[in-house]
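First up is the structure itself, then whatever we jot down about it.
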Amino acid sequence: QVQLVESGGGLVQAGGSLRLSCVASGSDSSINDAAWYRQAPGKQRESVAIIYRSGGTNYADSVKGRFTISRDNARNTVYLQMNSLKPEDTAVYYCNLGLRARNGFINNFWGRGTQVTVSS
């Protein structure tokens with residue numbers, strides 16, 4: 001059974017930093033593309049950062065220069081380093097991983113979300 005285990009969320013003051021981690025466990029697979037999403041109360045879930053299998057990345061304009069997405073393929077882990085946090089970054093953050101099984105099949109999995117709260 002595949003499970004995405006997220007960690008690193010919490011409460012920080014504006015200007016602080018957090019590092020989110022998402023580990024794929026329970027299967028012998030590798031990460032294809034990966035992304036972090038977030039959803040604030042009353043708002044649509046939005047893509048924050050994407051990292052492709054090639055290593056290329058894409059960021060939402062609102063987080064460019066502050067957030068960095070990275071991956072450790074050997075550990076089946078994706079990270080989101082968040083610096084210079086603002087109150088408007090407050091949201092539940094979700095990881096989304098495309099996992100490639102040995103048979104070549106790719107399926108997307110969602111984490112259960114981790115709360116990030118930034119106070120003023």
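The values are calculated or read from the model by the stated rules, or taken from the named source; none is laboratory data. This is a predicted model, so every value here is computed, not measured. In this analysis, Cβ positions are derived from the backbone assuming ideal geometry, glycine residues included, and neighbour counts consider all displayed protein chains. We work out accessible area using only protein heavy atoms, side chains counted, and drop any ligands, DNA or RNA first. Shrake-Rupley method; radii C 1.70, N 1.55, O 1.52, S 1.80 Å.
Among the residues of segment 80-98, those identified as surrounded by fewer than 20 Cβ atoms within 10 Å (Cβ to Cβ) and in a strand (DSSP E or B) are Q81, V92, N96, G98.
Select from segment 36-49 the residues that are surrounded by 15 or more Cβ atoms within 10 Å (Cβ to Cβ) and over 15 Å from Q81 (Cβ atoms) and list them in ascending order.
Let us first name the residues in segment 36-49 that are surrounded by 15 or more Cβ atoms within 10 Å (Cβ to Cβ), namely 36-38, 48-49.
Hit for segment 36-49 is Y37, nothing else.
Remark: pairs (first residue in segment 94-120, more than 18 Å from R75 (Cβ to Cβ); second residue open to solvent by less than 20 Å² (accessible area, probe 1.4 Å) and among the acidic types (D, E); Cβ separation under 8 Å; 6+ apart in sequence or on different chains) = V116/D89; V118/D89. Considering segment 11-35, and only residues there that are surrounded by 14 or more Cβ atoms within 10 Å (Cβ to Cβ) and over 17 Å from G111 (Cβ atoms), the residue that is nearest to the chain's Cα centre (by Cα) turns out to be S30. Residue count for segment 99-120, restricted to those that are in contact with a Phe, Trp or Tyr (Cβ under 8 Å, 6 or more places away or on another chain), hydrophobic (A, V, I, L, M, F, W, C) and either farther than 18 Å from D33 by Cα or open to solvent by 50 Å² or more (accessible area, probe 1.4 Å) (or both): 2.
How many residues are part of a loop (DSSP other than H, G, I, E, B), open to solvent by less than 40 Å² (accessible area, probe 1.4 Å) and either farther than 16 Å from L20 by Cα or not basic (K, R) (or both) if we restrict to segment 59-79?
So the count comes out to 2.
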